[in-house]
Amino acid sequence: MKKIVVPGELITEQRKKMGEHVYSFNGKIYSDVIGITDNESAFASVVPLKGCYIPKYGDIVIGLVVTELFSGFLVDIGSFSLCFMSKEGIREPLKRGSVVSVRVSKVNELNEADLSEPRVFYGGEIYSISPVKVPRIIGKNGSMLEVLRRGTNTNFIVGRNGRVWAKGGNIQLLFKAIKKIEEESHLPNLTNKMSEFLLKEKK
Amino acid sequence: MQKNVLLELKSEKVLTNLKDSVRTDGRKLDEYRKISIEKGIYQNAEGSAKVTLGDTEVIAGVKLLPGKPYPDSPNEGTISVGTELIPLASPFFESGPPSTDSIELSRVVDRGIRESKAVDFKKLCITEGELVFIGFVDIYAINFDGNLFDASAIAAIAALDQAKIPKIEDEKTVKDEFSGKLKLERKPILSTFAKIGNFLVLDPDLLEETAMQARFSVATTEDNFVSAFQKGLPGSIKKEDVDSAIDTAFKAAKEIRKML
Amino acid sequence: MTKEEKKVYVNKKGLRLDGRKIDELRPLTIKAGVLKNAKGSCYLTWGQNKVLVSVQGPREVLPKHHSDPLKAIVKFNYRMAAFSVPDRKNPKPGRRDIEISKVCGEALEKAIMLEKFPNTQIEVWAQVLDSNAGSRVAVLTAASVALADAGIPMKDLVTAVAVGRAGGKIILDLNKEEEDAPDAVDMPIALMTSAKEIVLLQMDGLFSKTEWDEAYELAAKALEQIKEKQVQALKEQFLQESMETETKEKIKAEVQ
């Protein structure tokens with residue numbers, strides 16, 4: 001059964017493999033964050049309901065170019081600090097304010113990330129959500145993305161850092177739907193509920 | 001306070017040593033460093049004292065000035081404690097406005113005297129509602145080798161203990177004439193402990209202070225009261241730590257009080 | 001002065017000046033997630049005390065040389081609104097504000113998993129809007145809720161309460177009148193309740209050792225109650241109107 005836990009709350013007294021956002025103390029496993037845990041799972045872990053974005057190797061994120069340096073750009077990806085992206089191999093003319101989707105190519109122990117493989121977006125709109133809700137926007141095997149895409153006809157990309165870039169189709173409806181997912185992300189059956197919601201809103 | 005990498009490296013040894021039940025400088029866990037107290041060393045101050053605690057050296061001076069009482073306590077004087085951690089005492093101290101460390105230090109010393117009612121504030125009254133004495137206790141660290149809390153608190157009490165009350169004429173003090181001595185009702189002694197690993201050591205030196213996770217101070221009086229607690233730094237302590245700290249503090253304070 | 005000495009702080013029925021029992025808290029309400037701009041926030045009322053706490057970060061440390069490459073640093077800012085005390089308070093932070101900020105920040109540092117966010121700072125902004133004794137424990141209790149609300153990993157919530165003595169009796173959660181008693185002792189204490197680790201402990205006044213034992217027991221019991229309220233406040237956010245009643249009840253049952 002799934003339940004909401006807060007920092008310091010007991011998850012299990014059994015011996016289990018430890019996943020994310022848990023710690024053990026005196027042989028028991030506790031949560032370290034506010035989130036949802038499933039006590040039937042083989043892993044003791046918590047999916048956080050709140051939190052910030054910590055860059056991970058290989059993440060695709062949506063960034064905003066802040067300044068140009070001699071050999072690269074500084075990009076804001078909503079992490080703790082601005083990230084460096086080398087100019088090497090970049091042909092697109094980037095300037096302050098350019099919206100790019102980039103791959104995190106290196107993260108050091110200070111959570112500072114280097115970025116590469118930019119894809120520049122022209123026009124469109126950006127919507128920000130809490131980074132911990134991104135998995136719910138994507139859904140199992142991208143099922144939620146599919147529902148949203150079909151329901152709104154927009155072309156959009158979700159970055160791991162909680163930024164959504166969208167262009168074309170019914171953008172307002174998309175953002176409304178994403179907001180609804182964010183608010184109800186801790187509830188079950190979200191994909192079905194969203195298809196119903198989008199159908200209803202279309203009429 | 002700045003951090004020193006060399007000290008940090010050395011401090012790792014402190015805990016390993018403690019596990020073999022030795023302190024780095026060979027003391028017992030509940031033993032103070034060598035203490036010496038000199039009183040009445042500065043002529044311009046109404047009371048003064050110099051306290052050395054191992055290599056830690058602190059001076060304190062008391063000035064009593066006439067001033068207006070607070071409206072809610074017209075027949076009571078007051079005291080105010082200030083500490084200065086000047087770069088003279090240690091390369092780790094910076095000049096500039098008082099650091100949070102020095103503010104905490106002066107407030108702990110201040111409360112230790114005030115709340116234990118060491119000084120009867122009513123005796124600092126000159127004319128009720130109009131004129132009272134305000135005691136300024138200013139403490140300077142001269143050499144810093146850990147545990148400024150205890151050194152400062154002892155220095156403040158020692159300086160107050162022999163302070164003379166200036167003679168007052170026309171609401172002004174008369175130079176070099178005194179009407180009496182300030183009498184202390186109690187002599188609270190602050191005892192500070194460092195929690196390193198699971199150990200609680202009395203009177204930490206600089207190395208032990210670098211290694212400690214938490215600092216805990218207990219003030220005790222001669223009539224078997226605990227008059228102040230202050231826990232500092234990010235570490236935690238347990239109820240048992242507090243209990244044993246209180247017992248140790250009573251014993252240690254008795255020895256120090258004899259020297260005052 | 002003579003008038004005050006006549007005050008009976010605990011009467012024969014065991015009731016205090018404001019009608020509370022010896023071990024009774026003033027009414028306490030906690031609400032998490034109240035500010036839109038903050039990463040995490042909390043509004044707490046505790047008797048007449050009203051405090052608002054917001055959390056920003058983890059974010060880059062400014063000035064840069066304050067940063068620690070091994071862990072995050074906590075910047076706790078305790079401020080009292082000018083109108084939060086009977087006289088007007090000078091809004092400039094005084095020595096008391098700075099000391100409270102320091103000890104509260106240090107108390108939280110033990111709970112937060114700082115090593116997860118090296119080189120960053122976590123800012124806690126605590127604003128006291130109205131006060132009547134015990135504002136530092138109110139602020140600390142609210143701050144740990146705000147930190148959890150910001151999704152910052154913590155080992156446990158930090159829960160704080162003040163105990164003390166007035167009129168010769170050990171009592172819980174002193175109000176201003178009791179704090180001004182001639183024999184008053186005030187002891188704010190904060191614990192991480194599950195491991196019983198003391199993260200904040202201050203005391204002023206004259207206490208015997210047995211009184212300290214008694215006060216600790218009284219505080220430990222009260223902290224369990226307060227912790228429950230903190231947990232409830234955090235979970236309550238996820239019980240929204242828009243949910244179907246079925247799931248709502250299910251989660252409610254879990255909370256209880």
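Laboratory data are not the source of any read-out in this text; all were calculated from the coordinates shown. All figures in this text were calculated on a predicted structure; none of them were measured in a lab. Every residue, glycine among them, receives a Cβ derived from its backbone with ideal geometry; neighbour counts consider all protein chains shown.
When the Cα positions of A:N192, C:L114, C:V161 are compared along the charge dipole of the protein assembly as shown, A:N192 comes out farthest toward the positive end, with charges on each C-beta of Lys, Arg, Asp and Glu.
Each Lys and Arg adds +1 at its Cβ and each Asp and Glu adds -1 at its Cβ; summed about the Cα centre, the protein assembly as shown shows a dipole of about 2280 debye.
Cβ-Cβ distance of A:S71 and B:L29, R₀ of 45 Å, FRET efficiency by 1/(1 + (r/R0)^6): the value works out to about 0.20. Backbone geometry of the range B:230-237 corresponds, through the Karplus equation with coefficients 6.51, -1.76 and 1.60 at θ = phi - 60°, to 3J(HN,Hα) couplings of 8, 9, x, 6, x, x, 10, 10 Hz, x marking Gly and Pro. Within the range B:76-173, list the GluC sites (Glu not before Pro) lying in a DSSP loop whose Cβ has at most 13 other Cβ atoms in a 10 Å radius. Of the GluC sites (Glu not before Pro), the ones in loops of the range B:76-173 whose Cβ has at most 13 other Cβ atoms within 10 Å are B:E94, B:E128, B:E130, B:E171.
The mean number of Cβ atoms from other chains found within 10 Å of a Cβ in peptide C:38-47 is 1, as a whole number. In this structure, the amide hydrogen of C:L200, modeled 1.01 Å from its nitrogen in the peptide plane, lies closer than 5 angstrom to those of C:A190, counting only residues at least 5 positions away or on a different chain. Across the options C:G19, C:L191, C:C42, the greatest Cα extent toward the positive end of the charge dipole of chain C (unit charges at beta carbon of Lys, Arg, Asp, Glu) belongs to C:C42.
Largest first and in whole Å, the equivalent-ellipsoid semi-axes of the protein assembly as shown read 53, 29, 24, each the square root of five times a Cα gyration tensor eigenvalue.
Can you tell me the FRET efficiency between B:E171 and A:F84 if r is taken as the Cβ-Cβ distance and R0 is 51 Å, rounded to the nearest 0.05?
Values: r = 68 Å, r/R0 = 1.34.
E(calc), rounded to 0.05, equals 0.15.
For B:R257 and C:D213, what is the calculated FRET efficiency with R₀ set at 30 Å and r taken between the beta-carbons, to the nearest 0.05? E between B:R257 and C:D213, to the nearest 0.05, is 0.75. Placing a pseudo-label 7 Å from each Cα along the Cα-to-Cβ vector at B:D72 and B:V5 gives an inter-label distance of 5.1 nm.
If the chain between A:M18 and A:R119 were fully stretched, how many nm would it gain, using 0.36 nm times the residue separation less the Cα-Cα distance?
Extra length available between A:M18 and A:R119 comes to 32.7 nm.
Computed about its Cα centre, the charge dipole of the range A:1-72 is approximately 260 debye, with only Lys, Arg, Asp and Glu carrying charge at their Cβ. Among A:32-39, B:197-204, the peptide with the highest mean count of other Cβ atoms within 10 Å heads the list, and the full ranking is A:32-39, B:197-204. Its Cα centre serving as origin, the range C:2-255 has a Cβ charge dipole (Lys and Arg +1, Asp and Glu -1) of approximately 480 debye. What the phi angles of the range B:10-22 give under the Karplus curve with 6.51, -1.76 and 1.60, with θ = phi - 60°, is a coupling list of 5, 5, 4, 5, 4, 5, 4, 4, 4, 5, 8, 6, 10 Hz, glycine and proline written as x. Per-residue Karplus couplings for the range A:147-158, computed as 6.51 cos²θ - 1.76 cosθ + 1.60 with θ equal to phi - 60°, are listed in order as 4, 5, 5, 5, x, 10, 6, 9, 9, 9, 10, 9 Hz, Gly and Pro entered as x. Shielding by partners for peptide C:187-198, expressed as the average number of C-beta atoms from other protein chains within 10 Å of each residue's C-beta, is 4. Hey, rough spin-label estimate for A:N189 and B:D247, points 7 angstrom out along Cα→Cβ, what's it come to in nanometres? Label at A:N189, label at B:D247, 6.2 nm between them. Can you tell me how the range A:19-159 classifies by the Cα gyration tensor, rounded, prolate or oblate, using a/c under 1.5 as the rounded cut? The shape class here is oblate. Per residue of C:150-162, other chain Cβ atoms within 10 Å of the residue Cβ number 5 on average. Working ranking of peptides A:177-190, C:157-170 by packing, defined as the average number of other Cβ atoms within 10 Å per residue, highest first, is C:157-170, A:177-190.
Modelled spin-label separation between A:M1 and A:I60, with each label point placed 7 Å from Cα along the Cα-to-Cβ direction: 3.9 nm.
In terms of the mean number of neighbouring beta-carbon atoms within 10 Å, the peptides A:24-30, C:221-227 order highest first as C:221-227, A:24-30.
Label reach from A:F25 (point 7 Å along Cα→C-beta): in the range C:193-208, amide nitrogens under 18 Å belong to C:193-201. Scanning residues 5 or more positions from B:G47 or on other chains, those with amide H under 5 Å from its amide H are B:V62, B:K164, with H placed 1.01 Å from N in the peptide plane.
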